[in-house]
1. 222 nm [θ] for the chain, helices only, -39500 (n - 2.57) per DSSP H run of 4+, per residue, to 500?
2. Could you tell me the calculated FRET efficiency between Glu304 and Glu153, based on Cβ-Cβ distance and R0 = 51 angstrom, to the nearest 0.05?
3. What is the extension gain from Lys185 to Glu233, computed as 0.36 nm multiplied by their sequence separation minus the C-alpha to C-alpha distance, in nm to one decimal?
4. Where Rh denotes the Kirkwood radius from the mean inverse Cα pair distance, what is Rg over Rh for segment 1-68?
5. Would you mind telling me which residue in Ala315, Ala100, Ala28 has the biggest mean-square fluctuation in a Gaussian network model of the chain, where springs connect alpha carbons within a distance under 10 angstrom?
6. For segment 174-269, compute the orientation-averaged projected area of the C-alpha convex hull (one quarter of its surface), in nm².
7. Please compute the modelled spin-label separation between Thr297 and Lys45, points set 7 Å along Cα→Cβ, answer in nm with one decimal.
8. Net charge within 11 Å of Phe298 by Cβ-Cβ distance, Lys/Arg positive one each and Asp/Glu negative one each, not counting Phe298 itself?
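Just so you know, all these numbers are worked out from the coordinates, no wet-lab data involved. Since the model is a prediction, treat every value here as computed from it, not as a measurement. Neighbour counts run over all protein chains shown; Cβ positions are idealised from the backbone, glycine included.
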Amino acid sequence: MDINNLPKIELHCHLDGSLRVETVIELAQKDNIELDSYDYKEVKKMLSIDENCSSLDEYLEKFDLPNKVLQSKENLRRAAYELLEDAAKENIKYIEVRFAPIFHVKEGLRLNEVIQSVIDGIRDAEKKYEIKGNVIISCIRGLDLKHVFDSIEAGAQFIGQGVVAIDLAATEKEDFAYEYIEAMKLAKEKGFRVTIHAGETGFGKNVRDAINLLGAERIGHGVFIYNDKEAYELVKEKGITLEMCPKSNIDTKAVNIYDNHPIYKYHKDNIKVNISTDNRMVSNINLNEETSNVIKTFNVTLDEYKKIYINSVNAAFCSEETKKELLRFI
């Protein structure tokens, strides 16, 4: 199977976790951001984890530097463009780029300016490459609730113009969903689709809550639905797509090796799964590599891959017209 020639759909990719090393160096120098070193290898160590990463919390520390360099419209636009450029070279036909606008206002940008800049970068790439993209607004668990409502209000201005969904990300605690019921209700009223990071770090129950309490239509990761029977059955019955990122889950120690990742078991049990990278730079992975790893580990057939692709297209938060285009590629 020629992996590069397979069309791909990426539904779970964080902008700030996917910057090029050379871009971070260039932007840091341009903006006079002091780093311990500007050497390529040293900066890559600052941006990506190694095999000694012990948890999701440690993994998330790698976002500090990217967010320092993403504090201007120009830099945000460039980062979004380059992400889609990289994706297009992997034959990704559609990508949903997620990021938390609240992280990019430290130098005076407004939330709506942050969002517009990322959309502009995506549109720049669409003009040059055979790829389409949209934005998912991430809100950060652990920060004050006000930023969630502020992000919803700012993002709502761009519904139908590049923004498609809302997300809750970062550290996962048990029963987190209750705090966000009103916010997600407002988001849905304003036209956002909903995807929630849940079941990434051991709490299968959180997936159930994300669906029942927050209206999640897709789940980011969902690895641990196997330890909550109700969550498992709910995902299966409702046809909820799990945005799965095996390498990231290995990095955060949710699983230890590809062979033990549940993605293929879920697929074989008719649970809808999507293969994504999560954070290309933090996890040292691109979608060609991730797709290849999954196919080789589980001996995925072409027909099985087609099913995953079609399910991913159907789960995408894009227009029906775009979905028809994407289905032609398979």
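1. Working: 15 runs with 150 residues, N = 330.
Using -39500 (n - 2.57) per qualifying helix, the result is -13500 deg cm²/dmol.
2. Result of the calculation: an efficiency of 0.75.
3. Details: separation 48, 0.36 × 48 = 17.28 nm, distance 2.37 nm.
Stretched out fully, the Lys185 to Glu233 stretch lengthens by 14.9 nm.
4. Numbers: Rg = 14.7 Å, Rh = 13.8 Å.
On the Cα set of segment 1-68, Rg over Rh gives 1.06.
5. Result for the chain, Cα springs under 10 Å: Ala28 fluctuates most.
6. Numbers: hull surface 23.8 nm².
It is 5.9 nm².
7. Result: 2.8 nm between the two label points.
8. Numbers: positive: Lys265, Lys268, Lys296; negative: Asp259, Glu304.
Here the count lands on +1.
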